[in-house]
Structure formats: structure tokens, C-alpha cells
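Just so it is clear, none of the values below were taken in a lab; they were calculated from the coordinates. Keep in mind that what you see is a predicted model, and the values were worked out from it rather than measured. Cβ coordinates were reconstructed from backbone atoms using ideal geometry, including for glycine residues, and neighbour counts include every protein chain displayed.
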Amino acid sequence: MTQEEIQEYNKRCAEFIELELTGPGFSAGYFYKNNFYQFHELKFHSDWNWIMEVVEKIERLTVNTRVRIESHSCKLTHDNYSNIEIGLTKKEAVIQTINHVLTNLI
């Protein structure tokens, strides 16, 4: 992903898990676990703790939503989607799966 795509992905994740947006313009950002992060500091694309918070919220949407992480792939099963399988590293597969889900949900 390009830097622009990473920032857009991070913003979408922040909105999806309902982080509080604060501040105008350049100083705008989100509070996450009592810390303030500007847009470029969000870590939904790189930190497993942040990533898994999004995965867990996706799984809570319905009882029929599951994200299964396997060795070098990630499968998403949901009523509205067929199995989506993406290769790469586990982290990349999960990030791409989240990106796909959020693109279709939001």
C-alpha cells in the first residue's frame, strides 16, 4: 500500500472501531487507549494489538462472521461474502482482509 492508502486505511479502521476524532485540520487525530495519535501515527496497518481490535469488532458484527488466520493466508467467511482468501504474510493478509471488509461495510 502507498502512504496515502495506509493513512486512508487507518482512518477507516479508527472510524470503524469508533475512536474519537478531535482537533481541526493538521492537528486532527484520534484518541486510542488514552493516547492521542495524529493520522500519520495510527498503527492499524502494522501493530498486531491494533489489528486484532478491528478483527474482533468485525467478528462481533454477526454470529456468521469469522476471520480465520492461517499460515500465510487469511479467510473471511460472512453471509454477504464468499470465502475471501488472500496470501502474503499473516499480517498483510489480515490487513488486506480488514480493508476489504471495511470497504464493503462503510
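General observations
- Take each peptide in 36-48, 5-17, count the other Cβ atoms within 10 Å of every residue, and average; sorted highest first, the result is 5-17, 36-48.
- With θ taken as phi - 60° and the Karplus curve 6.51 cos²θ - 1.76 cosθ + 1.60 applied, the whole-hertz 3J(HN,Hα) list for the range 94-104 is 5, 4, 5, 5, 4, 4, 5, 4, 5, 4, 8 Hz, x standing for glycine and proline.
- Modelled this way, with points 7 Å down the Cα-to-C-beta line, the labels at Thr22 and Lys57 are 1.8 nm from one another.
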